[in-house]
Amino acid sequence: MAFPRSDVVAPAAAGPAVPQQGGQAPPTVVKIVVAGGFAVGKTTFIGSISDIEPLSTEAAMTEHSVGVDDAGMVSDRKTSTTVAMDFGRITLPGNLWLYLFGTPGQDRFLFMWDDLVRGAIGAVVLVDTDRLDQCFPAVDYFESRGIPFVVAVNCFEGVARHALDDVRSALAVPADVPVIYTDARSRAATKQALVTVVQTAMRRLAAGTTG
Amino acid sequence: MSPFPRDARAEHPDGGADEAVDAPSVRPYMVTGGRTRPSGDDLPIEALVECLVVPTDPPAVPGQGAGPGAENRSSATYSAPRLASPSAAATASLAGPESRRILELTTGQYLSVAEISAHAHLPVGVVRVLVADLAEAGAVRVHGLTQASLSDPADPRSGAAALAVLESVLNGISAL
């Protein structure tokens, strides 16, 4: 059966139903995915703007996790593991909740991304220019799936060491993909990166609806 | 039938690892009766959950809670699930401490599947199954599903709706 949606679920089944949370209508939820290589600053990026302290969730990697959680016994032949996903939340006016989800930062977790990006506005690909190749899988992923994304060069120490054009040509991203500087520690810079993602998504959407 | 061993202690999946009988926790998928997928569509991790029942009450609901054996649900039930059907698995999971924790967490506040996972220290997959069960039983309501697809190319009207949402998001972030 289809999952009961909020608009069709029968409240009569709830027994002693309590009013909705404080009488407030449920927020509209949206999300933006923050991707990039391992330790490129995704969690810092999320934490710089999140209303809540960034949380880490356990995401079971496979459906075969049963019985292998005692690593002491099975570590040599472990068939599955779990991977932490960091995320944050921003409350916006108009009863909007924006979730920021950090992708598990290694190529071997790419298969988990489908779940993460489903329904997302778009993505920020954080880039460390010293380890440019680490963001290739993320760029490939979002490009191949037509997901709006922004390449944000994280300037550690606030120094822009590579011209953005060099990064653009090294990554070979299409012209409609913004390549910007950011500073994962800076709320203002993070905000600007998110604004750019949303603008990119809106451009894409407008282009798609008009032709 | 469940792919699960009928008795985890007698028939350990690892082939006889000696698990302490009084282990404080059960394996995550024991909680869900061996199911790894919700009974319906996958819940987005950002879907918001709202508790509809008083959490101090038994989270059983009419039609689900009065079955035979309902009064015996203890932690042992999870270690040795004897489940006749997926719906029996669903019913059993409703009585567990994990489900009660979900109800507590979502009382008085909307909370996403991801946040429940983080606060309850449960894998996202387990939270999905339990929330799906709770929703099916009417104990929680799930919000945010209709926003999951911001741009559905098949539906021209969704483009305008999505644009309106994006506009609000853009204005909201800009005003931070």
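The values are calculated or read from the model by the stated rules, or taken from the named source; none is laboratory data. Predicted model only: the values in this text are computed from it and were never measured. Backbone-built Cβ (ideal geometry, glycine too); neighbour counts: all protein chains shown. When the accessible area is computed, the model is the full protein with side chains, heavy atoms only, and any ligands, DNA or RNA have been set aside. Shrake-Rupley method; radii C 1.70, N 1.55, O 1.52, S 1.80 Å.
Points worth noting:
- Inter-chain Cβ neighbour count for A:97-103, averaged per residue, equals 3 (cutoff 10 Å, partner chain atoms only).
- Accessible surface ranking that places the most exposed of A:T28, A:T129 first, with a 1.4 angstrom probe: A:T28, A:T129
- R0 of 56 Å, Cβ-Cβ distance A:A206-B:V54: FRET efficiency to nearest 0.05: 0.75
- Counting only other chain Cβ atoms within 10 Å of each residue's Cβ, the peptide A:182-192 averages 1.
- In this structure, B:A160 and A:D176 have a Cβ-Cβ separation that, at R0 = 35 Å, corresponds to a calculated FRET efficiency of about 0.95.
- Environment charge of A:V34, counting only residues whose C-beta is closer than 12 Å and scoring Lys/Arg +1, Asp/Glu -1: +1
- Leading residue at positive end of dipole, segment A:107-206 (Cβ point charges), from A:P174, A:G146, A:A163: A:G146
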